[in-house]
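Remarks on the structure that follows.
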Amino acid sequence: MSSGGVLQEAPLTRILHAVGPGYRSEHPRPIERTAFGRQWFGCNFLAIGLANRLVYGLYESLLEDRMNIVAIMASYRKGRTIDTLVDQAIAGALTANPDATAEKISLVDKQIEYCRNCKACRNDDPSKPLAHCAIQDDMQAIYPVLDAADAYIIGTPISMGNETALLKAFFERSCFVLGKPRKSWFSEAPIPRNPRKRQAVAILSTGVVPPWLRLFSDDATPLIKGFCNNVLNARLIDSLYAGAIEKRTVDYYTNAAYRLGRELIT
Ligand SMILES: Cc1cc2nc3c(=O)[nH]c(=O)nc-3n(C[C@H](O)[C@H](O)[C@H](O)COP(=O)(O)O)c2cc1C
């Protein structure tokens, strides 16, 4: 008998027979053995498969949409001013967005050699998302982390009016790996390889210089701002100058660092 015949004969009865376990009819043939039944179950499996794919796809895209924060901790001392304030900023950001993820990179723990000006990165293909760096050290693992980030927290003590040597070495090593040469006669500054726009905040601390003297003793913030713009494709939205911590102590600035982290997310 054709499937059309089965359908004409008693379609509802057969469906109820398949769906309702308590149902009794004069047609004992199980529905999955009929042509209609095969279609019915086939459609069900197809629908379940599609639904599964949809739910999994949504879950995957949610994971991809998670904001990914990378914090660069450039103090020589762990557990002290900058380390503490960077942790506070991360806590503020994660409170504002509990789905976000954060990774802190303490530069002092990493083996980061000085840039050798070999120009391997600068001469590399500008269409590559990350240029080749000839030095095989911990920066090789840091480059992709920086590239994948959605937001940055950069923390450094002020050392002789500037960022620490750790941060400067890190900047020099990243400059033409995440950035590419600008084709312009009036600027040698790189432009970001990654077209995705990001945001950043900076935290700086001084031993004795109070915040109101920042204007005359902070060459680090303009450098950080330039690095964010030209290399990370990130806008420096705000910064905290934790001045005179020898007098004020770190606790004086913890709330401000927490708020800065929240600001990065919102
Ligand atoms: C070599 C060196 C240079 C420093 N230069 C300055 C400075 O120019 N102005 C200032 O107020 N503090 C200066 N300091 C003090 C540091 O800024 C201060 O100890 C730091 O912000 C503390 O951060 P940390 O606890 O994360 O190490 C200097 C410290 C060192 C070791």
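Put simply, the convex hull of the Cα atoms in region 204-249 casts, on average, a shadow of 3.3 nm². For region 218-227, the Karplus equation 6.51 cos²θ - 1.76 cosθ + 1.60, evaluated at θ = phi - 60°, returns couplings of 9, 8, 6, 4, x, 5, 4, 4, x, 4 Hz by residue, with Gly and Pro reported as x. What base-10 log of the normalised intensity I(q)/I(0) is obtained for region 65-186 from the Debye formula, alpha carbons as equal point scatterers, at q = 0.09, 0.11, 0.15 Å⁻¹? Values, matching the q order: -0.28, -0.42, -0.76. Classify region 68-132 from the C-alpha gyration tensor, please: rounded if a/c falls under 1.5, else prolate or oblate depending on whether a/b exceeds b/c. It is oblate, given that a/c is not under 1.5 and a/b is not larger than b/c.
The count of lysine pairs in region 118-266 that are at least 8 places apart or cross chains, and whose C-alpha atoms lie under 20 Å apart, stands at 12. Shown is the FRET efficiency for ASN123 and VAL145, computed with R0 = 22 Å from the Cβ-Cβ distance and rounded to the nearest 0.05: 0.40.
No lab work stands behind these numbers, since they all come straight from the coordinates. As the structure is a computational prediction, the values presented were derived from the model and not from experiment. All Cβ positions, glycine included, derive from the backbone under ideal geometry; neighbour counts span all protein chains shown.
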